[in-house]
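J.: Sharing a structure here in structure tokens format.
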Amino acid sequence: MKERNTTLGEFIIEKQEEFKYSSGELSRIINAIRLAAKVVNYKVNKAGLVDIVGAAGEQNVQGEDQQKLDVYANEVFIQTLINREIVCGIASEENDDFITIHGKSGDDTNKYVVLMDPLDGSSNIDVNVSVGTIFSVYRRVTPIGTPVTLEDFLQPGDQQVAAGYVIYGTSTMLVYTTGHGVNGFTLNPAIGTFYLSHPNMRYSENGKIYSVNEGNYIHFPQGVKDYIKYCQMEEGDRPYTSRYIGSLVSDFHRNMIKGGIYIYPTSSKAPKGKLRLLYECNPMAFIAEQAGGKASDGYQRIMEIKPTELHQRVPFFCGSKNMVEKAEEFMAKYK
């Protein structure tokens, strides 16, 4: 039972050697995210009591209304990472362009960039449904000592050195991987400490949950329509159960624990898909694969897609390995 008493800080120190490049940077990046998550968690939990719910009156680069808490979470995560002087650049779903960060001495010696969705599912805040933060860490590819460029951010997902998410729900959890499995930590709000609660998280190879917004069924590609019908057929261990929260972090988290597939396909309304490759799909794909699951765009591995723009959108099929492969079979019939 000792594992359950391990704090996130202790765990990071114990596992430091697994991070092949680091001289302490990863510990500091995860610690900065841990700190920012606690601040955002505090605001999320009292959102109904203060003037921080509802739309902020602006749209982000995606053309989506920014919720007040979106803007707040974005500022908290960016400022916390800047203050720790551990990253040379940040890209956020909420910002049009990436942010270049110089050290206090004016140098550019930091080696890592962070990409994030500071508050995924934020439209659910007003109705008290779980939301989350998604983050992804890459080692820069341009020379150290020079300012970061777009090239440092447009890396395929298989170059990630760490990725994770925070889910603000009935309890607050931080789940992350550095390429050596997936571990989950639950916040004890009384003392503000994350404890290892879900060691070595794994997807089951098969699941019984499918998560897709069936309200868009009429707009889906035929392969997705056929797969949904397959999930609903009375045959073998089917029909599967349909569960869709509308918050990627929440749907992903449930499916990883219980076994299932999450689908956000292309549609006639969103011909390239809706989810962002860099801020949502790559980090979730890294976590899924490290937990024994699979993530694809319906045809190819998500983490092998070479990004061409910061806010690129892709279709996303993610979850239990056999379920994703079955969905790909249906997609291949209409390729």
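The values are calculated or read from the model by the stated rules, or taken from the named source; none is laboratory data. Keep in mind that this is a model prediction, so the values were computed, not measured. All Cβ positions, even for glycine, are placed from backbone atoms using ideal geometry, and neighbour counts span all protein chains on display. Please note that ligands, DNA and RNA were not included when accessible areas were found on the heavy atoms of the full protein model with its side chains. Shrake-Rupley method; radii C 1.70, N 1.55, O 1.52, S 1.80 Å.
J.: From the P(r) of the stretch 96-178, can you give the percent of Cα pairs sitting at distances over 15 Å?
T.: Result for the distance tail: 64 percent.
J.: Keeping every protein chain present and rolling a 1.4 Å probe, give me the accessible area per residue for the stretch 8-200 in Å².
T.: 41 Å²
J.: Given H placed 1.01 Å from N in the peptide plane, which residues other than close sequence neighbours of GLY132 have an amide H under 5 Å from its amide H?
T.: HN-HN under 5 Å from GLY132: ASP120, TYR168.
J.: Sorted from largest down, what three extents in whole angstroms do the Cα atoms of the chain have along their principal axes?
T.: Over the chain, Cα extents along the principal axes are 63, 46, 44 Å.
J.: Give me the aspartates and glutamates in straight-line cross-link reach of LYS68: C-alpha distance below 18 Å, same-chain residues under 8 apart excluded.
T.: Straight-line reach from LYS68, under 18 Å: ASP51, GLU58, GLU93, GLU94, ASP96, ASP117, ASP120, ASP126.
J.: Accessible area of the chain with a 1.4 Å probe: how many percent of it is carbon plus sulfur?
T.: 48 percent
J.: Using each residue's phi in the stretch 153-160, evaluate 6.51 cos²θ - 1.76 cosθ + 1.60 at θ = phi - 60° and report the 3J(HN,Hα) Karplus result to the nearest Hz, with x for Gly and Pro.
T.: Listing the rounded values in order: 9, 8, 10, x, x, 6, 9, 5 Hz.
J.: Sticking with this structure for a sec: Can you list the residues of the stretch 112-151 with backbone N under 20 Å from a point 7 Å past the Cα of GLU75, pointing along Cα to Cβ?
T.: Answer for the stretch 112-151: 116-123, 125-126, 132-134.
J.: Moving on. If you stretched the chain out fully between ASP97 and ASP158, how much longer would it get, using 0.36 nm times the residue separation minus the C-alpha to C-alpha distance?
T.: Gain in length upon complete extension: 19.7 nm.
J.: Starting from 0.36 nm per residue, how many nanometres of slack lie between HIS219 and VAL127 once their C-alpha separation is accounted for?
T.: Extending this stretch completely gives an extra 30.5 nm.
J.: Would you calculate a helix-derived [θ] at 222 nm for the chain, using -39,500 (n - 2.57) for each DSSP H run of n ≥ 4 and dividing by the full residue count, to the nearest 500?
T.: The helix contribution divided over the chain gives -8500 deg cm²/dmol.
J.: Assuming 0.36 nm per residue, please report the length gained on full extension of the stretch TYR42 to ARG301 beyond their Cα-Cα distance.
T.: 89.6 nm
J.: Could you pull out the pairs from LYS208/LYS258; LYS111/LYS294; LYS208/LYS326 whose alpha carbons sit more than 20 Å apart here?
T.: Among LYS208/LYS258; LYS111/LYS294; LYS208/LYS326, the Cα-Cα distance tops 20 Å for LYS111/LYS294.
J.: So, in nm, how far is label THR193 from label ASN83 when the simple model puts each one 7 Å beyond its Cα toward the Cβ?
T.: 2.2 nm
J.: Give the Kirkwood hydrodynamic radius (Å, one decimal) of the stretch 8-200, defined as one over the mean of 1/r across all pairs of different Cα atoms.
T.: That comes to 17.2 Å for the stretch 8-200.
J.: Counting only Cα atoms, I'd like the Rg/Rh figure for the stretch 152-281, Kirkwood definition for Rh.
T.: 1.01
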